[in-house]
Amino acid sequence: MFKRIILASLLFMAGCETATVDYLTISSAPAEALLKFGDGTTCTTPCPLYVTENLTMTIAKAGYIAQEWTLIEGQTGYLQINLELAAPTEEVEETALPDL
């Protein structure tokens, strides 16, 4: 029974046309970064938006290096932005830890 449901679902999806996306979704790693656009509006990732004109934006999150991006009018799809740690470390010095 379960195999029939999967097969029926696959056949249904095969007959569907691919939908066109007319907006841009901006995501970040890590998530929940702040986007600030040139006009002062803000959004938190993931952030879907319509790009009706060329836009500059800054993406930032505490502990990470802020980045500036330019979005082009009519840009659609999916944009994944990977933020870089401001002070990456591989080791923690034992002397820097508080006494417990």
Mind checking which residues of region 41-52 are farther than 14 Å from Ser27 by Cα and either surrounded by 13 or more Cβ atoms within 10 Å (Cβ to Cβ) or out of contact with any strand residue (DSSP E or B) (no Cβ under 9 Å at 6 or more places or on another chain) (or both)?
Val51, Thr52
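Can you tell me which residue among Thr20, Thr95, Thr52 is at pLDDT below 65, in a loop (DSSP other than H, G, I, E, B) and out of contact with any Leu (no Cβ under 9 Å at 6 or more places or on another chain)? Please lay out each step first, then the result.
On the way: Thr95 fails: in a loop (DSSP other than H, G, I, E, B); Thr52 fails: at pLDDT below 65.
Of Thr20, Thr95, Thr52, the one residue that is at pLDDT below 65, in a loop (DSSP other than H, G, I, E, B) and out of contact with any Leu (no Cβ under 9 Å at 6 or more places or on another chain) is Thr20.
The values are calculated or read from the model by the stated rules, or taken from the named source; none is laboratory data. Here the structure is a predicted model, which means the values were calculated and not measured. All Cβ positions, even for glycine, are placed from backbone atoms using ideal geometry, and neighbour counts span all protein chains on display.
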